[in-house]
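The values are calculated or read from the model by the stated rules, or taken from the named source; none is laboratory data. What you see is a predicted model; the values in this text were computed from it and never measured. Neighbour counts run over all protein chains shown; Cβ positions are idealised from the backbone, glycine included. Side chains included, ligands, DNA and RNA excluded: accessible areas come from the protein's heavy atoms. Shrake-Rupley method; radii C 1.70, N 1.55, O 1.52, S 1.80 Å.
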Amino acid sequence: AELRAPFAGTVAALDATVGEFFAPGTPVAYVGDLGAWQVETTDLTELNVAAVQVGSPASITFDAIPELTLAGKVTRVRALGESKQGDITYTVTIALDKQDPRLRWNMTASATIDK
C-alpha cells in the first residue's frame, strides 16, 4: 500500500513498520512544512484574550535557544475557550516573521503579545 499526504512537506516522524496493522484514524506519520514555523499558545486566559486581536505583534523566546528572540504576528485567536485548572484559556496562533533552522516541533516557547 502507498500512503500519500494531501500536501507537500517533510516527514518529521514515522510511527509504522512494514507489516504492522493500524486501526482506522491512527496517526502513522507526522508531515509538515518545516520552512514556515508558527507558535501556538494554549494558556492565554479570558482576562487577557479580549485585548488580543489578529495582527497584534508578538515576541517569541525559546527555552532551548535562550539567545534567540523572534518577532511575529497573531494570525488566529480561537473563539472557543477551554477549561484548564480552573481557568478558561484560549489558543492563539502566531506566525513568525523570520525562520531559524534550529527550531523543532514541540519546542517550549514563551510569547509576549503586545496589546
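Within segment 46-57, the residues that satisfy the criterion of being open to solvent by less than 30 Å² (accessible area, probe 1.4 Å) and out of contact with any Leu (no Cβ under 9 Å at 6 or more places or on another chain) are Val49, Ser56. Report yes if Pro101 is in a loop (DSSP other than H, G, I, E, B) and more than 15 Å from the chain's Cα centre (by Cα), otherwise no. Criteria met by Pro101. Within segment 67-81, if we keep just the residues that are in contact (Cβ under 8 Å) with a residue 12 or more places away in the chain and either open to solvent by 80 Å² or more (accessible area, probe 1.4 Å) or part of a helix (DSSP H, G or I) (or both), the residue that is farthest from Asp114 (Cα to Cα) turns out to be Arg76.
Taking first residues from segment 82-101 that are surrounded by 11 or more Cβ atoms within 10 Å (Cβ to Cβ) and partners that are assigned to a loop (DSSP other than H, G, I, E, B) and basic (Lys, Arg), the Cβ contacts under 9 Å between residues at least 6 apart in sequence or on separate chains come to Tyr90/Arg78; Thr91/Arg78; Val92/Arg78; Thr93/Arg78.
Screening Leu3 against (1) at pLDDT below 90; (2) open to solvent by less than 90 Å² (accessible area, probe 1.4 Å) leaves a single unmet condition, (2).
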